[in-house]
Structure formats: C-alpha cells, structure tokens
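Chemist: So that we are looking at the same thing, I have put the structure below in structure tokens.
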Amino acid sequence: MLLTLGLDSQFTLMETVLTSIMDLYPKVLRPKKTWIILALCITMYFLGLTMCTNGGMYMLQLMDTYAGGWAVLFIGLLETICIAHVYGAKRFMKDIGLMLGVEYAYGWPYWMACWMALSPVLITAVMLFSWIKYTPMKYGDYQYPAWAEGLGWCMSLFVVLPIFVVPIYLLIAKTKGSFSERVLSLVRPTEDWGPALVQHRQLVTYIPGFIVDPTEQLDENLNSPKTIPLENKQVFKFSNQHINSNV
C-alpha cells in the first residue's frame with residue numbers, strides 16, 4: 001500500500017511540474033515529452049538523494065513543514081476565489097455541464113456553495129489557526145536553530161511570492177488606463193478561458209467574443225487569435241443524457 005501510495009503521489013507531482021514546463025512552449029516541448037520526463041526524473045533523483053543521508057530526515061521535516069504548510073493553503077484559497085469570484089462559479093458550472101452533456105452537473109447548489117463561501121472560509125480559518133498556534137520547529141528532541149527556521153520561512157515565501165510579483169508587474173508594465181481600470185482588466189477573465197478541448201469550446205455560446213481555438217495562428221492584420229463568430233456556431237440544446245444538435 002505504501003509503495004502504490006508513493007507512486008501515485010510521484011506521478012501527480014511529476015505531471016504537475018511537467019505540464020508547467022511544457023505549457024511555456026507547447027509547440028516546441030510537447031513533441032519532446034519523453035526526453036523532458038527523463039531529464040526531470042534524473043534531476044529529481046539526484047536532488048532526492050540528499051534526503052537519504054544521516055541528516056536527510058531533518059531536511060525533509062523542514063521542507064514538509066514550511067513548503068507544504070500554510071503556503072499550500074494560501075494557494076488553495078486564491079484558487080477558489082479566482083474560480084468562484086473572478087471566472088465566475090456559474091460560468092464554471094456551465095463549462096462542467098457542457099463537457100458532461102447536461103445543463104447543470106448533479107448537486108450543483110452544493111458545489112457552488114462550497115466554491116463561493118464554504119471552502120474559502122474554512123481554508124482561511126485553518127490557515128489563521130496554523131499561524132496562531134505556530135511554535136518553533138522541533139524533530140524529536142532536536143530543536144531547529146534560528147537560521148533553519150529562517151530558511152523554512154524563505155521557502156514558504158518563495159512559493160507564494162510570484163503570486164504578488166507577477167500581478168504587480170502586469171499592473172505597472174502591461175496595462176493601460178487609470179489604476180482602477182488596470183485592476184479591473186487584470187481581475188476579468190480573458191476571452192480564451194474555458195474548457196480545454198476545442199470540441200467542447202465550439203459549444204460555448206454564452207460568452208460573447210469567446211475564442212474557440214487559442215492555438216490558431218495569430219491573424220496577421222489583427223495580431224490576435226482568430227475567432228468563430230457566435231452566429232456561425234452550431235447551437236446545441238442540453239439534455240440529461242446527451243447534447244442534441246439543432247443543425
């Protein structure tokens with residue numbers, strides 16, 4: 001059981017890192033997925049060897065406490081806020097229903113309540129209690145020195161720092177208008193947010209100006225992805241079993 005649990009966790013973590021890297025340059029890197037996986041596995045293997053030394057358990061405890069503690073909760077809190085209140089819980093639910101072939105997914109009032117209120121409140125409460133109950137770190141009888149505590153807090157801040165740095169950079173360098181206009185432009189979902197597969201994106205008729213295929217080549221004149229006008233899209237009706245085309 002421990003072996004399968006460890007392998008499952010390893011696959012999840014590796015796919016997360018792999019996807020983040022390949023999404024930077026998808027056309028270049030995705031055809032070389034096998035070699036990228038090999039390079040990642042070799043790199044992670046040598047980094048993990050340090051955990052097998054006599055002091056490896058102390059390093060593991062430090063990383064597990066600070067890199068996987070309140071920083072993960074903070075990221076989860078922002079994710080729920082972005083999905084429910086920036087992208088929109090109703091729009092998100094419509095996307096899920098569209099992909100499942102139903103108008104609304106089963107139990108949608110419960111899920112919307114969790115996304116919009118319950119989950120953010122509970123995550124905030126757990127994160128605040130973790131700060132209030134914070135005590136200097138110990139492992140067995142060993143008391144971690146102050147420099148190790150500082151290293152741990154640096155790891156936590158390094159995880160969440162890009163969440164603040166990137167928006168500030170975009171607010172200053174990449175947006176125009178007054179301060180309020182810049183903020184509104186950054187907290188508004190872009191026209192290409194939606195389901196991943198084009199076969200599902202073609203069914204989206206509830207978003208004006210929705211970009212059906214973001215991977216299409218940029219239009220030479222407009223320098224923006226080509227879109228399919230809403231009036232030229234197929235119109236679909238939802239049913240409890242499948243989607244029927246009117247065309």
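The values are calculated or read from the model by the stated rules, or taken from the named source; none is laboratory data. Keep in mind that what you see is a predicted model, and the values were worked out from it rather than measured. Glycine gets a Cβ as well: all are built from the backbone with ideal geometry, and neighbour counts include every protein chain shown. Just the protein is used for accessible areas: all its heavy atoms, side chains included, with ligands, DNA and RNA removed. Shrake-Rupley method; radii C 1.70, N 1.55, O 1.52, S 1.80 Å.
Chemist: Filter segment 38-53 down to the residues that are farther than 17 Å from Val17 by Cβ and either of a type in the set (D, E, K, R) or touching a helix residue (DSSP H, G or I) at 6+ places or on another chain (Cβ under 7 Å) (or both) and list them by number.
Modeler: Across segment 38-53, the qualifying residues are Thr50, Met51.
Chemist: Still on this structure, I have one more. Which of (1) of a type in the set (Val, Ile, Thr); (2) more than 17 Å from the chain's Cα centre (by Cα); (3) in a helix (DSSP H, G or I) is the odd one out, the single condition Thr135 does not satisfy?
Modeler: (3)
Chemist: Do any residues in segment 79-97 that are without any contact (Cβ under 8 Å) to a residue 12 or more places away in the chain have Cβ atoms under 6 Å from those of residues that are open to solvent by less than 20 Å² (accessible area, probe 1.4 Å), where the two are at least six apart or on different chains, and which pairs are they?
Modeler: Matching pairs, first to second residue: Ile96/Ala105.
Chemist: Please tell me if Leu77 is touching a Gly at 6+ places or on another chain (Cβ under 9 Å), modelled with pLDDT of 85 or more, part of a helix (DSSP H, G or I) and open to solvent by less than 70 Å² (accessible area, probe 1.4 Å). Give the steps one after another, and end with the answer.
Modeler: On the way: touching a Gly at 6+ places or on another chain (Cβ under 9 Å): no; modelled with pLDDT of 85 or more: yes; part of a helix (DSSP H, G or I): yes; open to solvent by less than 70 Å² (accessible area, probe 1.4 Å): yes.
So Leu77 fails the test.
Chemist: Part of a loop (DSSP other than H, G, I, E, B), at pLDDT 80 or above and loosely packed, with under 11 Cβ neighbours inside 10 Å: does that describe Gly177?
Modeler: yes
Chemist: Which one is nearest to Met63 (Cα to Cα) among residues in segment 136-171 that are among the small types (Gly, Ala, Ser) and open to solvent by less than 80 Å² (accessible area, probe 1.4 Å)?
Modeler: Gly152
Chemist: While we're looking at this one, here's another question. Looking only at segment 86-103, which residues are assigned to a helix (DSSP H, G or I) and farther than 19 Å from Phe210 by Cα?
Modeler: Scanning segment 86-103 gives a single hit, Leu100.
Chemist: Being within 20 Å of the chain's Cα centre (by Cα), open to solvent by less than 40 Å² (accessible area, probe 1.4 Å), under 22 Å from Thr215 (Cβ atoms) and free of Cβ contacts under 8 Å to residues at least 24 places away in the same chain narrows it down to one residue among Leu18, Leu24; which is it?
Modeler: Going through Leu18, Leu24 in turn, just one is within 20 Å of the chain's Cα centre (by Cα), open to solvent by less than 40 Å² (accessible area, probe 1.4 Å), under 22 Å from Thr215 (Cβ atoms) and free of Cβ contacts under 8 Å to residues at least 24 places away in the same chain: Leu18.
Chemist: Give segment 187-201 a look and list any residue that's over 17 Å from the mean Cα position of the chain (by Cα) and open to solvent by 100 Å² or more (accessible area, probe 1.4 Å), or say none.
Modeler: Within segment 187-201, Glu191, Gln199 meet the criteria.
Chemist: Filter segment 27-68 down to the residues that are free of Cβ contacts under 8 Å to residues at least 24 places away in the same chain and assigned to a loop (DSSP other than H, G, I, E, B), then identify the one that is most open to solvent (accessible area, probe 1.4 Å).
Modeler: For segment 27-68, the residue satisfying everything is Asn54.
Chemist: Here's something else I'd like to know. Kindly evaluate Ile96 against the criterion of being open to solvent by less than 60 Å² (accessible area, probe 1.4 Å), out of contact with any Leu (no Cβ under 7 Å at 6 or more places or on another chain) and within 30 Å of Tyr144 (Cβ to Cβ).
Modeler: no
Chemist: Listed residues Leu184, Leu218; which is modelled with pLDDT of 80 or more and surrounded by 10 or more Cβ atoms within 10 Å (Cβ to Cβ)? Let's see the steps before the verdict.
Modeler: Working: Leu218 fails: modelled with pLDDT of 80 or more.
The conditions single out Leu184.
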